[in-house]
Amino acid sequence: MNWRDYWNQDTPIYAGERHKLLHYRLVANEIIGLIPSPDAAVLDHACGEALFADRVAAKCGHLYLCDGAPLVRERLHERFGDRDRITILSPEDLATLPEASLDLIVANSLLQYLSLEELRGLLKLWHGKLKTDGRLILADVIPPDVSPVTDAKALLSFAWKGGFLKSAALGLARTAFSEYRKIREEIGLSQYTQEDIVDLLEEAGFSAERMERNIGHNPARMTFMGRPV
């Protein structure tokens, strides 16, 4: 099993429905805060089920939702397939988007599931699809010194504030014996230093800067902004 296969199924990654809703609401609000104008074209790459995509679409001109898992795309079509301002894409569909057509690309919690070669290929693709004044956001990047224990503490803190602490604790125990743990041990998660990401962005033709805080609930991870040079 690879990571795409893993996400093409119901997974125990969320502690419960409340965790899932709060996660997607948080990410949607973060993306809304990054939209540069009401007529902007926005791509959410590796969007997952994007439960609040309608709120994001209401704040921009058009929203493209891209995910590699067919099951996820099927659920996106069920939820948003009739929305004029939302288009659902597979990763292979991205090449069909016009060059220099996007104002904002957000890739949240994606890099850890990519090989270095895959990341370099996507950076090149994203660069071509962005307008000259567009922005690329790489979020939830895992530094080498962040352990699963740190991730667990961040989740429990989020759960405490969100009112699902008990289910989060049970979810962590469940994850410890799940396919996620097994595939993480077998394949691993890609981790990068700040210098690594800056170098990769500059190599792909972007200026690069680290943002003050990470998108999402985990402050130990990193978010970067790239602008086409």
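The values are calculated or read from the model by the stated rules, or taken from the named source; none is laboratory data. Quick caveat: nothing in here was measured; it's all calculated off a predicted structure. When we count neighbours, we look across all protein chains shown, and the Cβ atoms used for this are built from the backbone with ideal geometry, even at glycine. Protein only, heavy atoms only, side chains kept; ligands, DNA and RNA dropped before computing areas. Shrake-Rupley method; radii C 1.70, N 1.55, O 1.52, S 1.80 Å.
Quick one: Debye curve from the alpha-carbon atoms of the range 164-225 only, equal weights, vacuum; give me log10 I(q)/I(0) at q = 0.19 Å⁻¹ to two decimals.
-0.88
How big is the charge dipole of the range 88-229 about its Cα centre, in debye rounded to the nearest 20, if each Lys and Arg gets +1 on its Cβ and each Asp and Glu gets -1 on its Cβ?
Result for the range 88-229 is approximately 740 debye, rounded to the nearest 20.
With all protein chains present, how much of the accessible area of the chain (probe radius 1.4 Å) comes from carbon and sulfur, to the nearest whole percent?
52 percent
How big is the Cα convex hull of the range 86-229 in projection, averaged over all directions, in nm²?
For the range 86-229, averaging the hull's shadow over all directions gives 9.9 nm².
With every protein chain present, what is the per residue accessible area of the chain (1.4 Å probe, Å²)?
50 Å²
Extension gain Ser90-Asp133, at 0.36 nm per residue separation less the Cα-Cα distance, in nm?
Extending this stretch completely gives an extra 13.0 nm.
Kindly provide the helix-only [θ] at 222 nm of the chain, computed as the sum of -39,500 (n - 2.57) over DSSP H runs of four or more divided by all residues, to the nearest 500 deg cm²/dmol?
Helix contribution divided over all residues of the chain: -12500 deg cm²/dmol.
What nm value, rounded to one decimal, do you get for the distance between Ala58 and Lys20 when each label is placed 7 Å out toward the C-beta?
That separation, rounded to one decimal, is 2.2 nm.
Post the alpha-carbon centroid distance, the range 31-49 to the range 83-153, in whole angstrom.
11 Å
Say each of Glu74 and Val229 gets a label point 7 Å from the Cα, pointing the same way as Cα to Cβ; how far apart are those two points in nm?
Between Glu74 and Val229, the simple spin-label model gives 4.5 nm.
Starting with the highest mean, order 61-71, 198-208 by the number of other Cβ atoms within 10 Å, averaged over the residues of each peptide.
In decreasing order of mean packing, 61-71, 198-208 become 61-71, 198-208.
Straight-line reach from Lys129: which aspartates and glutamates have Cα under 18 Å away, leaving out those fewer than 8 places along the same chain?
By straight Cα distance, Lys129 reaches Asp39, Asp44, Asp67, Glu92, Asp93, Glu99, Asp103, Glu118, Glu202, Glu203.
Answer with one residue from Thr150, Leu104, Met225: the one whose Cα lies farthest towards the positive end of the charge dipole of the chain, charges on Cβ with Lys, Arg +1 and Asp, Glu -1.
Result: Thr150, furthest along the dipole toward the positive end.
Note the full-extension length gain between Ser37 and Leu156 as 0.36 nm times their separation in residues minus their Cα-Cα distance, in nm to one decimal.
That works out to 39.3 nm of additional length.
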